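Quick note: the coordinates plus some simple rules give every number you see, no bench work behind them. This one's a predicted model, so the numbers in the text were calculated from it and none came from an experiment. All Cβ positions, even for glycine, are placed from backbone atoms using ideal geometry, and neighbour counts span all protein chains on display.
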Amino acid sequence: MAENLEVKVLDQVVVRFSGDSGDGMQLAGNIFSTVSATVGNGISTFPDYPADIRAPQGSLTGVSGFQVHIGAGKVYTPGDKCDVLVAMNAAALKTQYRYAKPGATIIIDTDSFGPKDLEKAQFATEDYLGEMGIDADRVVACPMTQMVKDCLADSGMDNKAMLKCRNMFALGLVCWLFDRDLNLVANFLREKFAKKPAIAEANIKVIQAGWDYGHNTHSSAINVYRVETKEKTPGRYMDITGNKATAYGFIAAAEKAGLKLYLGSYPITPATDVLHELSKHKSCGVITVQCEDEISGCASALGASFAGALGVTSTSGPGICLKSEAMNLAVIMELPLVVLDVQRGGPATGLPTKSEQTDLLQALFGRNGESPMPVMAATSPTDCFDAAYQACKIALEHMTPVVLLTDAFVANGSGAFKLPDITKLDAINPPYVPEELKGKWTPYMRAENGTRYWAVPGREGFAHILGGLEKDSNTGAISTNPENHDLMTRLRQQKIDNIQVPDLEVGGDAEDADLLIVGFGSTYGHLHSAMDELRQKGYKVAQTHFKYLNPLPKNTAAVLTKYKKVVVAEQNMGQLAGYLRMKVDGFVPYQFNQVKGQPFVVEELVNAFEEILKK
Amino acid sequence: MSYTAQDFKKGQPRWCPGCGDHFFLASLHKAMAEIGVAPENVAVISGIGCSSRLPHYMATYGMNTIHGRAAAIATGAKVANPDLTVWQVSGDGDGLAIGGNHFIHANRRNIDLNMILLNNRIYGLTKGQYSPTSPRGFVSKSSPYGTVEDPFRPAELCFGARGHFFARCVATDAKGTVEVLKAAYEHKGASVTEVLQNCVIFNDHCHDVVYNNEGRKKNAIYVKHGEKLVFGENNEFGLVQQGFGLKVVEIGKDGYTIDDVLVHDAHCEDNTLQLKLAMMTPEDGFPIALGVIRDVEAPTYDEAVHAQLAEVSAQKKYHNFTELLETNDIWEVR
Ligand SMILES: Cc1ncc(C[n+]2csc(CCOP(=O)(O)OP(=O)(O)O)c2C)c(N)n1
Ligand code: SF4
């Protein structure tokens, strides 16, 4: 390293890789985050890909971004704005610069800023930096395309294949900027492309070229940064997205329960990756059926549960609407079923690739009749594993459908996942009907906690019929008796109310906060960061967060009514706030509601909460 | 172990007196006993409608579910638990209107389901609206001036969805019904059995031409694989091929002899003539075909799913969650 080079040590840094959809920004970002995690940094990533998948190359609507946040300690969000923006073409610079902090370092490929590119990106002049108000001193501008071609000239690769390595040049530059050990990167690539060593070596060569370029030409002008590692939790880790973690949670739960996993699903963004992931793992006994529609996905999963498997169905908003009727059937038949809703934006098809928390009330109440159903929401990409696992446990042990809410933000985002030990995961014990009840058993007879027993077809002496029509609580025969219906309604409600969920935990100034921040699901990290910042500013602030939404934790009322001020912050128009008001007498919170299809911005949260604190 | 019809009976059916569903149920009990699968290994799955009440009267495992979704639910049950013998029961509204999508896809996938379609050409449970099998111009509560749409013909839909088994019976004809039910069970893959069933309340006489013995003698032809396609009280008529179609002839007249009469081939892959048979109606001067019209072996979805599980399992090195984790890029933080 050159002597005149100054290495600045940072607590955390955010890098945003952006380019055309096909530019491989996600791979570059993933490698960077994984390599950082390898040395013990905290990581959080977020892909922001275009809704228009087939947008023309170089156009404004075709830009995709991948943001990586690395920290010396734990990081809770992918970060509001970036310290370094990689823009592989003019359109990327145009659309992504708004995610850059003032003073951020900008890395661009000048070969993609020709007159045609500038025109496509709707720049008026050739002075694109001037038009954006970017100080040229902050820009690492290099002819990446040409340099990649030169670097790979004698590799025997064709033009197209060479251009695919452009992302690695950018990655090399970023690695230089952050003083990352290229050996780690090289090892990673050699493993990833174990079957295609030539590709691995070409990529490594380009990364080295990017690193060298930064080192040789910019080392005097731009600082190199290092994010040191503060606290480490020892263990073995992998990088995991929320959707993959969800799929893994299902696989682990089925195995723990000793059941086959059956997924019935119909493709829909952003839930499809769960179908993709599970479809790969047939060697673990996972059955996936790509159904003709969501109705069938849900109905067939329910049929699978009836037949003795763990039935799971995955979808996103519009698909949930279609599944409602079959979910209700699962409620009245009292069979296990897990319904995954990876929430996306807007009513109808709305914003397919964007994230919202707008299905909460639908999950809780969006069905005909009194239809209580446990609802959970995962709080981070890695938490999707635990949430999925617990959702299965509740479904199987309480004979009920369960809705698991994630959203595009946690589903596509990733984090470092500490490999779980399956022997240490909670046991899952479905209430199979005991053999000694043979002859006495009726289908709606209940165990002590109010749960119906499960008699799986094939067991002699327990043949029975379930159905969507109301049943007599004693005999299990169809019944329209008013008292019986009232009783069955209460029994179904009681069964859900009896489910034990962990108490709410309060973080921050739990004893004497002037403001309690409340949220649910995927906003955990942003709200946590906002609390941290407010506390650093000297305020007394606490945070609590809902992962279990039905039934609510037992201490909900106690926690919510303990503080002077409470703000419920959510990415919808106030669904959680309204629900809590319904459940907790006299609870009137402040509300922070934002429905932009984008993750919260911590800075905006801090400002909004500060205003509430000052009131 | 051998069973009697009694072993499959449960409860007191609540259909209207005279409803065709009663007759069919009795035949199903009998067929189940003759098939001899233990009641605990049978699941009967229905949607909603009068006919979909049927599982309540079976001493097997069963589900009376939601309108139109029986085929989808049965699909999950069979694929998850291929050891079960799964019967799926629907009315014409349940199976072909709201459940049309599931019906065609279950056929296309060829899941080993025994699908029963109780066709009374009306919505019974909701008290008398026209159904997707009601004829054009049909007057009902929801079509007081007659319908202005054409009906589905179940066979055509099944064949169009690349179905491999189609049979037809009349609810009141116990012998014919038991026979096709047994054949449906024997068939590996999706089977569709259309049951002509009379709704005495809302669409009485809808199948009169074949509903009693007399009618069947005149207007029905019992088809049987490998046998001549002859019919009539004394088998005096036969079906011959003419051009691209079929033609009814009187044997010994106009120069036609028994040698000209077609032999039924239910196993023929090419479904052209089977479809022609299935589509015959008295209105067009043909008898109604009863019996197993198409019965062709083909790979079943449920078997294929499990064969693929086994095959992939043999290839891959990981077989449980712990091994699966190890397939990822892992790093260690010390
Ligand atoms: C989603 C839904 N839509 C409508 C109904 C009302 N419904 C119940 S049964 C039925 C028609 C039944 O007709 P069919 O399937 O022909 O059976 P049948 O009663 O004639 O045996 C209808 C429309 C329902 N239960 N659920
Ligand atoms: S209404 Fe018709 S179909 Fe329904 S039970 Fe009565 S006769 Fe049978």
- Query: If we count GluC sites (Glu not before Pro) as exposed when they sit in a DSSP loop and have at most 15 other beta carbons within 10 Å, what is the longest stretch of chain A that avoids them all?
  - Reply: A:232-369
- Table column - 3J(HN,Hα) (Hz), the stretch A:283-297, Karplus curve with 6.51, -1.76, 1.60, x for Gly and Pro: 5, 9, x, 7, 9, 10, 10, 7, 7, 6, 6, 5, 4, 5, x
- Residues whose built amide H sits under 5 Å from the amide H of A:ASP239, excluding neighbours closer than 5 in sequence, are A:PHE417
- Using all Cα-Cα distances in the stretch B:47-96, what percent lands in each 5 angstrom bin from 0 up to the longest? 5, 23, 32, 24, 13, 3
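Using only the Cα atoms of the stretch B:38-168, construct the convex hull and provide its projected area averaged over every direction, in square nanometres to one decimal. Before the final figure, lay out each step's value.
Working: hull surface 30.7 nm².
That works out to 7.7 nm².
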- Message: Working only with C-alpha atoms, what are the Rg and Dmax values of the stretch A:548-602, expressed in angstrom?
- Response: 12.0, 32
- Anything over 32 Å Cα to Cα? Flag those among A:LYS164/A:LYS424; A:LYS74/A:LYS562; A:LYS81/A:LYS615; A:LYS8/A:LYS596; A:LYS438/B:LYS316; A:LYS116/A:LYS354, in the order listed. A:LYS164/A:LYS424; A:LYS8/A:LYS596; A:LYS438/B:LYS316
- Item | Furthest towards positive pole of dipole, A:GLY71, A:VAL403, A:THR489, structure part chain A, Cβ charges | A:THR489
- Under the rule rounded for a/c under 1.5, else prolate if a/b exceeds b/c, else oblate, using alpha carbon gyration tensor axes a ≥ b ≥ c, the stretch A:85-163 is classed as prolate
- Which angle between 0 and 90 degrees, to the nearest 10, do you get for helix A:602-614 versus the longest principal axis of chain A when only C-alpha atoms count? 60 degrees
- Please tell me which of these pairs span more than 24 angstrom C-alpha to C-alpha: B:LYS30/B:LYS224; B:LYS9/B:LYS141; B:LYS78/B:LYS224? B:LYS9/B:LYS141; B:LYS78/B:LYS224
- Dipole magnitude of the stretch A:491-615, debye to nearest 20 (Cβ charges: Lys/Arg +1, Asp/Glu -1, about Cα centre): 440 debye
- Selection of chymotrypsin sites (Phe, Trp or Tyr not before Pro), the stretch B:85-182, meeting DSSP coil and at most 13 other Cβ within 10 Å: B:TYR145
- Table column - 3J(HN,Hα) (Hz), the stretch A:263-280, Karplus curve with 6.51, -1.76, 1.60, x for Gly and Pro: 10, x, 8, 10, x, 6, 6, x, 8, 4, 4, 5, 4, 4, 5, 5, 5, 6
- State log₁₀ I(q)/I(0) for the stretch A:513-615 at q = 0.22 Å⁻¹ as given by the Debye formula over alpha-carbon point scatterers of equal weight, solvent excluded. -1.22
- Task: Across the stretch A:224-308, how many lysine pairs, 8 or more positions apart or on different chains, have C-alpha atoms separated by under 26 Å? Please give the number.
- Result: 9
- Provide the per-residue ³J(HN,Hα) series for the stretch A:113-122, in order, calculated from phi with Karplus coefficients 6.51, -1.76, 1.60 and θ = phi - 60°, each as a whole number of Hz, with x at glycine and proline positions. 10, x, x, 5, 4, 5, 5, 4, 8, 6
- List the trypsin sites (Lys or Arg not before Pro) in the stretch B:1-109 that DSSP assigns to loop (not H, G, I, E or B) and whose Cβ has at most 14 other Cβ atoms within 10 Å. Which are they? B:ARG14
- Query: If contacts are Cα pairs under 8 angstrom and at least 6 residues apart, what is the relative contact order of the stretch A:56-156 in percent?
  - Reply: 25 percent
- Message: Report the Cα centroid-to-centroid distance between the stretch A:144-174 and the stretch A:371-400 in angstrom, as an integer.
- Response: 45 Å
- Message: For the protein assembly as shown, compute the orientation-averaged projected area of the C-alpha convex hull (one quarter of its surface), in nm².
- Response: 47.0 nm²
- The relative contact order of chain B, taking Cα pairs under 8 Å that sit 6 or more residues apart, comes to a percentage of 15 percent
- Message: Above 20 Å lies some portion of the pair distances; for the stretch B:173-275, what is it as a whole percent of all C-alpha pairs?
- Response: 51 percent
- Quick one: work out the % antiparallel among DSSP beta bridges in chain A, nearest 5. 35 percent
- Message: Test of understanding: express the Cα radius of gyration of chain B as a ratio to 2.2 N^0.38 Å, with N the residue count.
- Response: 1.11
- Query: In the stretch A:251-323, what is the volume of the convex hull around the alpha carbon atoms, normalised per residue and reported in Å³?
  - Reply: 75 Å³
- Message: Tell me which chymotrypsin sites (Phe, Trp or Tyr not before Pro) from the stretch B:225-268 have a DSSP coil assignment and no more than 14 other beta carbons within 10 Å of their own.
- Response: B:PHE244
- Nearest 10 degrees, 0 to 90: helix A:166-177 Cα axis against chain A principal axis: 80 degrees
- Amide H contacts under 5 Å for A:TRP454, restricted to residues at least 5 apart in sequence or on another chain and with H modeled in the peptide plane, are A:TYR432, A:VAL433
- If you average the sequence gap of Cα pairs under 8 Å that are 6 or more apart and divide by the length of chain A, what percent do you get for the contact order? 11 percent
- Note on the structure: tail above 18 Å in the computed P(r) of the stretch B:115-179, as % of all Cα-Cα pairs, reads 49 percent
- Message: Which one, B:ALA220, B:ILE35, B:ALA77, is farthest towards the positive end of the dipole of chain B when Lys and Arg carry +1 and Asp and Glu -1 on their Cβ?
- Response: B:ALA77
- Dividing the alpha-carbon radius of gyration of the stretch B:222-334 by 2.2 N^0.38 Å, where N counts its residues, gives 2.03
- Message: With N set to the number of residues, divide the alpha-carbon radius of gyration of the stretch B:269-334 by 2.2 N^0.38 Å and report two decimals.
- Response: 2.39
- Please average, across the residues of A:276-287, the number of beta carbons from any other chain that are within 10 Å of each residue's own beta carbon, and give a whole number. 5
- Message: As I understand it, the dipole of the stretch B:232-334 uses +1 on the Cβ of Lys and Arg and -1 on the Cβ of Asp and Glu, about the Cα centre. Which of B:SER313, B:GLY243, B:TYR256 lies farthest toward its positive end?
- Response: B:SER313
- Task: Quick one: grab Rg to one decimal and Dmax as a whole number for the stretch A:300-446, Cα atoms only, in Å.
- Result: 16.5, 54
- Post the alpha-carbon centroid distance, the stretch B:139-216 to the stretch A:444-501, in whole angstrom. 35 Å
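About the Cα centre, and with charges only on the beta carbon of Lys, Arg (+1) and Asp, Glu (-1), how big is the dipole of the stretch A:428-478? Nearest 20 debye, please.
Working: 6 positive and 6 negative charges, 7 e Å.
In total the dipole reaches around 40 debye.
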- Message: Give the separation of the Cα centroids, the stretch B:45-95 to the stretch A:254-295, in Å.
- Response: 23 Å
